[in-house]
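Trainee: Just dropping this structure here.
The values are calculated or read from the model by the stated rules, or taken from the named source; none is laboratory data. Small disclaimer: the values here were computed from a predicted structure and weren't measured. Using ideal geometry, Cβ is built from the backbone for each residue, glycine included, and neighbour counts are taken over all protein chains shown. Ligands, DNA and RNA are stripped out before the accessible areas are found, and what is left, the full protein with its side chains, is counted by its heavy atoms. Shrake-Rupley method; radii C 1.70, N 1.55, O 1.52, S 1.80 Å.
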Amino acid sequence: MNISANVATTRITGLAGRLVADGLITAEQAQQANRESAKNKIGLTRYLVDTFGIDAVAVAEASAQEFGVPLLDAGAIDRHALPDKLVSVDLMTKHHAVPLFRRGNRLFVGLSDPTNLAALDEIKFATGVSTDAVLVDEKSLSKLLAGLVDEENSLSGDMDGLEGDGEYDIETVDGTQPDDEEADSSAVDDTPIVRFINKVLLDAIKQGASDIHFEPYEKDYRVRFRTDGMLREVVKPPKNLAPRLSARLKVMSNMDISERRVPQDGRIQMKISKTRAIDFRVNTLPTMFGEKIVLRILDPTSAQMGIDALGYDEDQKALYMDALSKPQGMILVTGPTGSGKTVSLYTGLGILNTPERNISTAEDPVEINMQGVNQVLVNNKVGLDFAEALRSFLRQDPDVIMVGEIRDLETAEIAIKAAQTGHLVLSTLHTNSAAETITRLLNMGVPAFNIAASVSLIIAQRLARRLCKQCAIPETEIPTDALMQLGFTKDMLATATLKRAVGCDACKDGYKGRVGIYEVVKLTKPIANAIMDGGNSLELDRLARAEGFPDLRTSALRKAAEGAISLEEVNRVTTD
């Protein structure tokens with residue numbers, strides 16, 4: 001028998017002595033543990049497990065026997081079912097303790113060190129309820145705490161390393177700070193929520209997202225970004241945060257936070273540096289399980305890229321520049337929502353925006369602020385619609401007029417009249433092709449001769465995801481006959497460098513950024529005559545091809561032949 005070991009054991013009492021008696025540690029380790037844990041102000045069990053690698057469950061079982069404290073199986077703990085917001089994560093981390101459940105006026109606190117009475121006392125003081133200790137093994141407790149810290153960090157956000165000077169200023173569109181005092185302070189005055197919202201907005205800007213979706217469902221809540229035209233989930237905050245998230249966004253947007261039954265619209269401006277600000281157009285929509293909120297990101301720098309960055313072929317670019325150089329006429333940009341019409345229009349306005357020109361726009365809403373352009377926000381509630389704005393423009397001697405969208409006959413007639421009387425008019429329509437744009441105007445009731453005499457150029461467009469330059473590889477497995485059936489010509493294939501998406505650390509699924517696909521049609525005399533003769537969209541489409549203007553499909557195939565987009569993207573954004 002080792003007499004020195006017996007002597008050491010008799011000198012060591014409490015948990016350390018029991019562990020020595022059970023053969024889990026030596027007397028020397030027990031003495032070191034008692035000394036160093038006290039010196040470093042950490043729990044004995046935590047020191048033993050971290051330093052000597054002793055089985056955490058065995059230590060917990062020994063502690064339960066030594067102090068008569070109940071031991072809880074870590075597998076029975078559901079992190080998402082813990083008492084909500086009773087104790088701050090900072091306080092839990094400080095004392096290495098987690099409130100596990102509440103029974104009436106008693107709170108049961110998970111500890112790995114049952115001698116940690118300071119934790120029980122401070123948590124009792126913070127919550128106002130009595131506390132009882134429950135033993136949890138050290139590894140499980142540390143894992144539980146780490147999960148809670150990660151969740152807190154996901155709300156508070158780490159702002160380090162983001163673009164700008166480190167100071168981020170959230171403002172509403174009128175330049176005022178959101179007035180939290182007018183709102184329910186319990187709903188919006190929550191620092192983790194504020195930091196989480198700020199981080200989501202900044203992450204969306206960094207990732208080049210076009211919009212952000214905050215979506216409540218029956219059992220969960222998710223946030224999605226639309227990047228390169230595709231939605232993807234980025235984070236799933238706890239469902240119980242939904243009211244606070246929506247309240248915060250509505251306060252920032254100057255909306256009524258007490259109104260949850262009808263949709264609302266607002267705007268947010270985020271200053272991310274002294275010289276750069278981003279606008280967000282905000283819309284709320286009541287759903288079965290709360291308010292879905294969508295923020296559309298309006299970055300003024302997108303209108304300053306220049307026409308060369310938009311993806312026009314050289315012949316298409318020449319047609320657009322020629323139409324912009326004329327003193328009168330109408331340029332129509334068409335396509336579905338999210339096809340890049342706004343950027344094309346503002347790029348044109350940027351080219352025209354000189355001190356010698358008087359430029360006025362009527363928009364709903366004003367998506368991008370442009371210095372030197374007189375921008376009018378349409379407000380139907382007070383009678384300021386597109387038609388009324390256009391009538392006012394014509395009384396102020398404009399050179400260039402932009403109409404956000406031609407939605408009705410009255411607006412179309414005034415715009416066409418302006419184009420025929422010495423003004424250059426730019427506008428948009430929601431149609432799929434140049435030929436369908438003519439048909440749409442005819443269906444509105446615009447006379448064919450007015451269309452033929454005033455419209456000078458129609459641009460139909462889509463946005464396709466650009467292949468990542470770092471990981472795209474040549475597409476070699478598709479037979480030539482199959483490529484010909486897709487629409488390629490022999491001339492295109494002779495110089496084609498087809499590529500396909502792979503995916504790497506620098507991109508998402510093999511794609512990074514987007515490029516425009518365009519059908520640019522000039523209204524030549526043959527096309528104008530066909531309009532006057534009552535030609536339908538099919539006839540006008542065939543005539544446009546005969547005049548040498550490629551359709552969207554052909555333009556997409558050209559981009560694929562250049563290796564800019566994949567064949568999958570060609571099929572996704574265009575039809576045969």
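Trainee: Being surrounded by 15 or more Cβ atoms within 10 Å (Cβ to Cβ) and over 14 Å from Ser142 (Cβ atoms) is the filter here; which residues of segment 59-74 pass it? Give the derivation first.
Mentor: From segment 59-74, those surrounded by 15 or more Cβ atoms within 10 Å (Cβ to Cβ) are 59-64, 66-67, 69, 71-72, 74; that's our starting set.
Passing the criteria: Glu61, Ala62, Ser63, Ala64, Glu66, Phe67, Val69, Leu71, Leu72.
Trainee: Also, quick follow-up: Go through segment 540-550 and give me each residue that's crowded, with 20+ Cβ neighbours inside 10 Å and within 18 Å of Thr489 (Cα to Cα). Show your work before the answer.
Mentor: Here is the first cut: in segment 540-550, the residues crowded, with 20+ Cβ neighbours inside 10 Å are 540-541, 544, 549.
Listed by number, the list holds a single entry, Phe549.
Trainee: Which one of the conditions (1) modelled with pLDDT of 90 or more; (2) surrounded by fewer than 21 Cβ atoms within 10 Å (Cβ to Cβ); (3) small (Gly, Ala, Ser) does Ser344 fail to meet, given that it meets all the rest?
Mentor: (2)
Trainee: Taking segment 560-576 as the search range and keeping residues that are closer than 18 Å to Lys490 by Cβ and over 27 Å from the mean Cα position of the chain (by Cα), which one is most open to solvent (accessible area, probe 1.4 Å)?
Mentor: Within segment 560-576, the match that is most open to solvent (accessible area, probe 1.4 Å) is Glu562.
Trainee: Which ranges mark the strands (runs of 3 or more DSSP E) fully within segment 185-292 that have 3 or more residues being free of Cβ contacts under 8 Å to residues at least 60 places away in the same chain and surrounded by fewer than 21 Cβ atoms within 10 Å (Cβ to Cβ)? Before the answer, list the steps.
Mentor: Details: elements: 209-216, 221-227, 230-235, 264-271, 277-287.
Answer list for segment 185-292: 221-227, 230-235, 277-287.
Trainee: Yes or no: Val87 within 41 Å of the chain's Cα centre (by Cα), open to solvent by less than 70 Å² (accessible area, probe 1.4 Å), within 16 Å of Asp137 (Cβ to Cβ) and β-branched (Val, Ile, Thr)? Don't jump to the end; show me each part of the working.
Mentor: Numbers: within 41 Å of the chain's Cα centre (by Cα): yes; open to solvent by less than 70 Å² (accessible area, probe 1.4 Å): yes; within 16 Å of Asp137 (Cβ to Cβ): no; β-branched (Val, Ile, Thr): yes.
Judged against the criteria, Val87 is not a match.
Trainee: Would you call Val366 open to solvent by 20 Å² or more (accessible area, probe 1.4 Å) and hydrophobic (A, V, I, L, M, F, W, C)?
Mentor: Judged against the criteria, Val366 is not a match.
Trainee: Going through segment 121-144 one residue at a time, which ones are assigned to a loop (DSSP other than H, G, I, E, B), out of contact with any Leu (no Cβ under 7 Å at 6 or more places or on another chain) and under 20 Å from Leu48 (Cα atoms)? Walk me through how you get there before you give the answer.
Mentor: Going residue by residue through segment 121-144, those that are assigned to a loop (DSSP other than H, G, I, E, B) are 128-129, 136-137.
Within this subset, residues satisfying the condition of being out of contact with any Leu (no Cβ under 7 Å at 6 or more places or on another chain) are 128, 137.
Of everything in segment 121-144, just one residue is assigned to a loop (DSSP other than H, G, I, E, B), out of contact with any Leu (no Cβ under 7 Å at 6 or more places or on another chain) and under 20 Å from Leu48 (Cα atoms), namely Asp137.
Trainee: Quick one: count up the residues across segment 347-363 that are under 30 Å from the mean Cα position of the chain (by Cα) and buried (at least 19 other Cβ atoms within 10 Å of the Cβ).
Mentor: So in segment 347-363, the residues under 30 Å from the mean Cα position of the chain (by Cα) come out as 347-351, 361-363.
Now restrict to residues that are buried (at least 19 other Cβ atoms within 10 Å of the Cβ): 347-349, 361-363.
Result for segment 347-363: 6.
Trainee: Within segment 165-176, identify whether any single residue is modelled with pLDDT under 85 and at positive phi, and answer yes or no.
Mentor: The initial filter retains those residues of segment 165-176 that are modelled with pLDDT under 85, namely 165-176.
Remaining after also requiring at positive phi: 166, 175.
Yes: one or more hits.
Trainee: Pairs, please: C-beta under 9 Å, at least 6 apart or cross-chain, first residue within 14 Å of Leu345 (Cα to Cα) and in segment 299-319, second open to solvent by 30 Å² or more (accessible area, probe 1.4 Å) and modelled with pLDDT under 70?
Mentor: none
Trainee: Out of segment 540-559, which residues are in contact (Cβ under 8 Å) with a residue 60 or more places away in the chain and more than 39 Å from the chain's Cα centre (by Cα)?
Mentor: Leu540
Trainee: Could we say that Asp491 is within 27 Å of Leu538 (Cα to Cα), acidic (Asp, Glu) and at pLDDT below 90 here?
Mentor: On the way: within 27 Å of Leu538 (Cα to Cα): yes; acidic (Asp, Glu): yes; at pLDDT below 90: yes.
Judged against the criteria, Asp491 is a match.
Trainee: OK, next. Only residues that are β-branched (Val, Ile, Thr) and in contact with a helix residue (DSSP H, G or I) (Cβ under 6 Å, 6 or more places away or on another chain): list them for segment 88-108, please. Don't jump to the end; show me each part of the working.
Mentor: Within segment 88-108, the subset β-branched (Val, Ile, Thr) is 89, 93, 98.
Of everything in segment 88-108, those that are β-branched (Val, Ile, Thr) and in contact with a helix residue (DSSP H, G or I) (Cβ under 6 Å, 6 or more places away or on another chain) turn out to be Val89, Val98.
Conditions tested, residue by residue: (1) in a strand (DSSP E or B); (2) modelled with pLDDT under 95; (3) surrounded by fewer than 17 Cβ atoms within 10 Å (Cβ to Cβ); (4) in contact with a helix residue (DSSP H, G or I) (Cβ under 8 Å, 6 or more places away or on another chain).
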| residue | (1), (2), (3), (4) |
| --- | --- |
| Arg296 | yes, yes, no, no |
| Ser302 | no, yes, no, yes |
| Asp322 | no, no, yes, no |
| Pro327 | no, yes, yes, no |
| Leu332 | yes, no, no, yes |
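Trainee: Considering only residues that are open to solvent by 30 Å² or more (accessible area, probe 1.4 Å) and part of a loop (DSSP other than H, G, I, E, B), look in segment 1-31 and name the one that is modelled with the lowest pLDDT.
Mentor: Going through the qualifying residues, I end up with Met1.
Trainee: Yes or no: segment 307-321 includes at least one residue that is closer than 26 Å to Ile565 by Cβ, within 23 Å of the chain's Cα centre (by Cα) and among the aromatic types (Phe, Trp, Tyr).
Mentor: Checking segment 307-321: not a single residue is closer than 26 Å to Ile565 by Cβ, within 23 Å of the chain's Cα centre (by Cα) and among the aromatic types (Phe, Trp, Tyr).
Trainee: Provide a single number: the residues in segment 41-82 that are assigned to a helix (DSSP H, G or I) and modelled with pLDDT under 75. Don't jump to the end; show me each part of the working.
Mentor: Start the filter on segment 41-82 by keeping residues that are assigned to a helix (DSSP H, G or I), which leaves 44-52, 56-67, 74-76, 79-81.
Then keep just the ones that are modelled with pLDDT under 75; that gives 74-76, 79-81.
Within segment 41-82, residues that are assigned to a helix (DSSP H, G or I) and modelled with pLDDT under 75 number 6.
Listed here are the residues, each with its yes/no results for (1) within 40 Å of the chain's Cα centre (by Cα); (2) of a type in the set (Val, Ile, Thr); (3) on the phi > 0 side of the Ramachandran plot.
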{"position": "Asp50", "(1), (2), (3)": "no, no, no"}
{"position": "Asp55", "(1), (2), (3)": "no, no, no"}
{"position": "Gly68", "(1), (2), (3)": "no, no, yes"}
{"position": "Ile77", "(1), (2), (3)": "yes, yes, no"}
{"position": "Leu107", "(1), (2), (3)": "yes, no, no"}
{"position": "Ser112", "(1), (2), (3)": "no, no, no"}
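Trainee: Shifting gears a bit: Going residue by residue through segment 438-449, is there one that turns out to be within 33 Å of the chain's Cα centre (by Cα) and more than 24 Å from Leu352 (Cβ to Cβ)? Write out each step before concluding.
Mentor: Within segment 438-449, the subset within 33 Å of the chain's Cα centre (by Cα) is none.
Scanning segment 438-449, I find no residue that is within 33 Å of the chain's Cα centre (by Cα) and more than 24 Å from Leu352 (Cβ to Cβ), so the answer is no.
Trainee: Here is a follow-up. Can you tell me which residue within segment 116-139, out of those that are open to solvent by 30 Å² or more (accessible area, probe 1.4 Å) and in contact (Cβ under 8 Å) with a residue 60 or more places away in the chain, is farthest from Ala97 (Cα to Cα)?
Mentor: Lys139
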